[in-house]
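The values are calculated or read from the model by the stated rules, or taken from the named source; none is laboratory data. The structure displayed is predicted, hence computed values, not measured ones. Because the Cβ atoms are built from the backbone with ideal geometry, glycine has one as well, and the counts that use them run over all protein chains shown.
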Amino acid sequence: MPSNHIAVDIGASSGRLVLGKLEDGKISLEEIHRFSNGFTERNGSCFWDIDYLFDQIITGLQKAKTYGVQKCSLGIDTWAVDYVLIDKNGEKIQEVYSYRDNRTENVMEKVAAHISPEEVYKKTGIQQLTFNTLYQFYVHDQRELEKADKILMVPDYLYYRLSGRLINEVTNASTTQLLNLHTRDYDTDLLKLLHLKREQFAELTEPGEVLGFVREAIVQQYDLPECLLICAATHDTASSVLGVPVQEGRSSAYISSGTWSLLGVELNHPINNHHARTANYTNEWGAFGTYRFLKNVMGMWLIQEVRRLENDRYSFAELAELAANEEGFRSLIPCNHTRFLNPHNMIEEMRRSCQESGQHVPATIGQVARCIFDSLALSYYSYLNELEELTGTPVDVVQIVGGGSNNELLCQLTADVTGREVLAGPTESTALGNIAVQLIRTRDISGIHEVRKIIGNSFEIKSYLPREVLNFSELTNRWNLVSRF
Ligand code: LRH
């Protein structure tokens with residue numbers, strides 16, 4: 001079995017190939033290739049460039065060979081909900097839509113006319129997000145859907161291109177909002193509503209399954225290392241949660257902080273009751289029979305957009321520094337409002353929102369950034385309280401993992417506002433979770449608990465303790481008002 005383990009981890013704004021090794025009871029990581037990602041707008045629609053992503057995987061593997069990797073195992077994870085239709089010859093039928101495309105605006109209401117949200121939640125346990133695959137399918141050109149011999153999620157498709165094997169990996173498949181919690185397969189009624197057939201999907205496949213080697217023709221053509229493909233927890237959030245270190249004896253919640261902030265807990269059973277539905281918490285399927293009971297919070301997308309609008313002239317660290325020098329909690333936005341999902345201009349949208357709610361309108365970039373981080377911290381506060389109520393378990397410590405765990409201002413604000421200790425890191429939780437599954441499959445590691453212990457011992461975790469927030473009750477009252485807008 002190989003001792004080199006490569007994670008292909010592709011998020012909405014960047015992707016990377018990371019080489020992981022387990023030596024002397026510790027995991028080390030080395031980034032071998034990084035590339036940017038993003039959707040582009042064409043004729044009013046938003047698409048990913050999936051061929052570019054495939055090419056980046058090939059480039060990364062070629063680099064791995066120059067690093068001396070002759071043999072490796074490989075796992076792939078990407079963001080969720082988006083899909084690729086392929087025909088009988090395995091050719092993709094259409095460009096891959098981005099979930100931020102506005103074609104699904106107001107579609108939830110249309111679907112609700114056929115099947116109630118209560119019923120869908122009872123079946124799937126998945127939160128209502130406008131961009132769930134269910135809604136994307138509902139508006140997708142019916143002729144194209146009919147032509148699809150197989151419907152693959154983005155990482156399934158990338159595995160297919162490398163190996164020729166057709167799978168629907170479960171952690172990603174659950175975000176379609178089409179999997180039934182009880183039958184643990186695609187839900188017949190929902191498929192019927194969408195005029196889809198079960199055969200158009202592939203076999204549901206669990207993380208850890210060995211998918212075979214990268215095809216010889218590809219290895220030869222591009223001079224790649226010998227790669228054994230292992231099915232990762234292909235939803236990046238599922239991998240990221242696998243990469244959260246164990247907290248023995250403490251009751252913790254995680255925030256996987258990247259383009260989105262995914263705030264929740266890992267459970268062994270779903271919670272799909274009335275309260276969880278009305279609070280819009282989801283039960284995404286995890287690796288090894290777990291569920292991620294969580295909520296999507298708008299996350300770093302807000303600041304990514306600000307940075308883009310400023311032509312990338314500030315780094316994220318500089319934006320955080322500008323924010324840190326501003327007065328706190330001056331202006332707040334209801335960051336989870338759909339108006340911030342893909343506005344024409346994020347900065348203007350934020351300013352409009354502050355104006356509408358009668359607050360100071362952030363003028364400088366520092367004030368805009370500060371407004372984002374303050375609002376995120378306050379939204380974490382209210383969602384953590386909600387999470388405690390829904391699970392009946394108090395949360396003592398908040399573990400922030402992913403790229404956002406580098407943001408010292410946001411970590412400290414989160415500790416201050418939530419009144420809980422924040423443990424930040426590792427930043428590469430997603431690559432680690434991806435590699436964790438490879439280690440469990442190929443090495444002598446018993447399971448998630450052991451691998452999470454190893455992760456905790458391998459990387460520095462930073463602690464932030466809460467400081468007193470002046471006029472806290474006035475602040476939370478203001479937040480409650482703003483978050484109603
Ligand atoms: C984070 C993420 C999240 C999904 C969204 C589409 O990258 O996968 O878990 O809800 O993107």
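Brief remarks follow.
- Any chance L432 is in a helix (DSSP H, G or I), assigned by TED's automatic domain parsing to the domain that holds G258 and of a type outside the set (S, T, N, Q): no
- Of the candidates F316, F329, F293, the single residue that is farther than 19 Å from N345 by Cα, of a type in the set (F, W, Y) and under 23 Å from the mean Cα position of the chain (by Cα) is F293.
- Scanning the range 37-50 for residues that are in contact with a strand residue (DSSP E or B) (Cβ under 9 Å, 6 or more places away or on another chain) and away from the ligand (no atom under 16 Å from the Cβ) returns T40, E41, S45, D49.
- Residue check, V395 in a loop (DSSP other than H, G, I, E, B), touching a residue at least 12 places away in the same chain (Cβ under 8 Å) and hydrophobic (A, V, I, L, M, F, W, C): yes
- Where strands (runs of 3 or more DSSP E) fall wholly inside the range 70-171, no range has 3 or more residues that are within 13 Å of the ligand (Cβ to nearest atom) and outside the structural domain of T259 (by TED's automatic domain parsing).
- Selection status of R308, out of contact with any Leu (no Cβ under 9 Å at 6 or more places or on another chain) and under 27 Å from S14 (Cβ atoms): yes
- L129 satisfies every condition listed in (1) among the aliphatic types (A, V, I, L, M); (2) within 22 Å of the chain's Cα centre (by Cα); (3) closer than 17 Å to D189 by Cβ except (3).
Let's see how each residue does on (1) closer than 15 Å to R161 by Cβ; (2) β-branched (V, I, T); (3) crowded, with 24+ Cβ neighbours inside 10 Å; (4) in contact with an Asp or Glu (Cβ under 8 Å, 6 or more places away or on another chain):
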{"position": "L74", "(1), (2), (3), (4)": "yes, no, yes, no"}
{"position": "V81", "(1), (2), (3), (4)": "no, yes, no, no"}
{"position": "E91", "(1), (2), (3), (4)": "yes, no, no, no"}
{"position": "S98", "(1), (2), (3), (4)": "no, no, no, yes"}
{"position": "D101", "(1), (2), (3), (4)": "no, no, no, no"}
{"position": "A113", "(1), (2), (3), (4)": "no, no, no, no"}
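- Condition check for V417: of a type in the set (A, V, I, L, M, F, W, C) and farther than 22 Å from P334 by Cβ: no
- Annotation: of all residues in the range 274-290 being outside any helix (DSSP H, G or I) and more than 14 Å from the ligand (Cβ to nearest atom), the one that is farthest from G11 (Cα to Cα) is A279.
- Candidates S3, S28, S13 - the one that is touching a residue at least 12 places away in the same chain (Cβ under 8 Å) and exposed (fewer than 13 other Cβ atoms within 10 Å of the Cβ): S28
- Within the range 458-485, residues that are assigned by TED's automatic domain parsing to the domain that holds H337 sit with their Cβ atoms under 6 Å from residues that are β-branched (V, I, T), at 6+ positions apart or across chains, in these pairs: S458/I27; Y464/V422.
- Each residue in the range 1-32 was checked for being within 16 Å of the ligand (Cβ to nearest atom) and among the polar types (S, T, N, Q), and 2 of them qualify.
- Test: C411 is out of contact with any Cys (no Cβ under 9 Å at 6 or more places or on another chain), buried (at least 20 other Cβ atoms within 10 Å of the Cβ) and either of a type outside the set (K, R) or not in a helix (DSSP H, G or I) (or both): yes
- Condition met for G447 (closer than 23 Å to C72 by Cα and exposed (fewer than 13 other Cβ atoms within 10 Å of the Cβ)): yes
- Listed here are the strands (runs of 3 or more DSSP E) enclosed by the range 179-268 that have at least 3 residues being within 16 Å of the ligand (Cβ to nearest atom) and modelled with pLDDT of 95 or more: 252-257, 261-267.
- Sole exception among (1) more than 16 Å from the ligand (Cβ to nearest atom); (2) touching a strand residue (DSSP E or B) at 6+ places or on another chain (Cβ under 7 Å) for Q62, by number: (2)
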